[in-house]
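Worksheet for the structure shown next.
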Ligand code: 2AM
Ligand code: CA
């Protein structure tokens, strides 16, 4: 049986250490490379931060499995045992261009069930933490349950590039949603957009392509607070695959799904 209290203590310690390293890195020159396309960036700090977590986890918990964005565990196909899903820097474009609005995201699952979730806004030193069934916290203070709202009063998180074209939802439907809502915002770091829905700063978040490390922690956080997390077609997310993602408070989820996304 995993000792979740002990794991939690270590994760918090490692997050602080990773923060110190990342803040120090601002004084040095970053090595930036492209991955799948020229706007899909990775830096030496993404890679070093992933390595830092992997080495620490395996030192104390050699039997645990780890999937990291920068390549660790990309062969993993099963959710048996304890599985860590890590994005060492979520929002790398923001990290490189803005030196803010990025986070470390860690979701820990046991046999496919979410056990602990961490989204750490490194620069603001804000830690969103969830232990499903036991509560969700921002820097130790309980986060209140989500309250519902209607589209006309809602702020929708969506990257405007999905309004130009996407393979999943007719763009006219998205244009209508944008027109009917109060406002749209795009932060450029999926885990923080989940955290924004969790804390009521956004009412919904829509993305057409997120990987497990982008949502592993965020979905646990939003679900704990009474929100709903599905694909843009309303289906369950597969934790080992890339998915479209639609995050929202419960009633708004139904309204957006029925009136816009599935119309
Ligand atoms: P990243 O910075 O860790 O790559 C940007 O809108 C958000 O989407 C970020 O959270 C970013 O994570 C994620 N993202 C960017 N490109 C992606 C891709 N090709 N697949 C999945 N997620 C991606
Ligand atoms: Ca990343």
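Here, each number is a calculation from the coordinates, and none is a lab measurement. Model, not experiment: these values are computed from the prediction. All Cβ positions, even for glycine, are placed from backbone atoms using ideal geometry, and neighbour counts span all protein chains on display.
Extension gain, residue 259 to residue 233, is 8.1 nm, computed as 0.36 nm per intervening residue step minus the present C-alpha separation.
In this structure, residue 34 and residue 242 have a Cβ-Cβ separation that, at R0 = 22 Å, corresponds to a calculated FRET efficiency of about 0.75. Rounded to the nearest 10 degrees, the inclination of helix 44-60 to the longest alpha-carbon principal axis of the chain is 60 degrees. Taking the Cα atoms of the range 176-222, the ratio Rg/Rh between the radius of gyration and the Kirkwood radius comes to 0.98. Extension gain, residue 165-residue 74: 0.36 nm per intervening residue step, less the Cα-Cα distance, totals 29.9 nm. Computed on the Cα trace of the chain, the radius of gyration divided by the Kirkwood hydrodynamic radius gives Rg/Rh = 0.95.
Helix 171-180 and the long axis of the chain differ in direction by around 80°, with both axes built from C-alpha atoms. With contacts taken as Cα pairs under 8 Å at a separation of at least 6 residues, the chain carries a relative contact order of 15 percent.
Which of rounded, prolate, oblate describes the range 63-130, given a ≥ b ≥ c as roots of the alpha-carbon gyration tensor eigenvalues and a/c under 1.5 marking rounded, otherwise prolate only if a/b is larger than b/c? Please list the in-between numbers first.
Working: a/c = 3.91, a/b = 1.70, b/c = 2.30.
Verdict is oblate for the range 63-130.
Computed over the chain with a Gaussian network model linking Cα atoms closer than 10 Å, the most mobile of 249, 29, 79 is 29.
Specify the angular offset, from 0 to 90 degrees and rounded to the nearest 10, of the alpha carbon long axis of helix 212-224 from the longest principal axis of the alpha carbons in the chain. That helix lies at roughly 70 degrees to the long axis.
Once both labels are positioned 7 Å from their Cα atoms along Cα-to-Cβ, the gap between residue 153 and residue 4 label points is 3.4 nm. For the chain, modelled as a GNM whose springs connect Cα atoms under 10 angstrom apart, the maximal fluctuation among 50, 63, 223 occurs at 63.
The helix-based estimate of mean residue ellipticity at 222 nm for the chain, built from -39,500 (n - 2.57) per DSSP H run of four or more residues and divided by its residue count, is -10000 deg cm²/dmol to the nearest 500.
Can you work out the FRET efficiency for the pair residue 55 and residue 250, with r the C-beta to C-beta distance and R0 = 51 Å, to the nearest 0.05?
Details: r = 40 Å, r/R0 = 0.79.
Plugging the Cβ-Cβ distance into 1/(1 + (r/R0)^6) gives 0.80.
State whether the range 4-142 is rounded, prolate or oblate according to the following rule on the C-alpha gyration tensor (a ≥ b ≥ c being the square roots of its eigenvalues): a/c under 1.5 gives rounded; otherwise a/b larger than b/c gives prolate, and the remaining case gives oblate. Walk me through the numbers on the way to the answer.
Details: a/c = 1.82, a/b = 1.31, b/c = 1.39.
Because a/c hits 1.5 or more and a/b fails to exceed b/c, the range 4-142 counts as oblate.
The label-point distance for residue 12 and residue 97, in a model that sets each label 7 Å from Cα toward Cβ, rounds to 3.6 nm.
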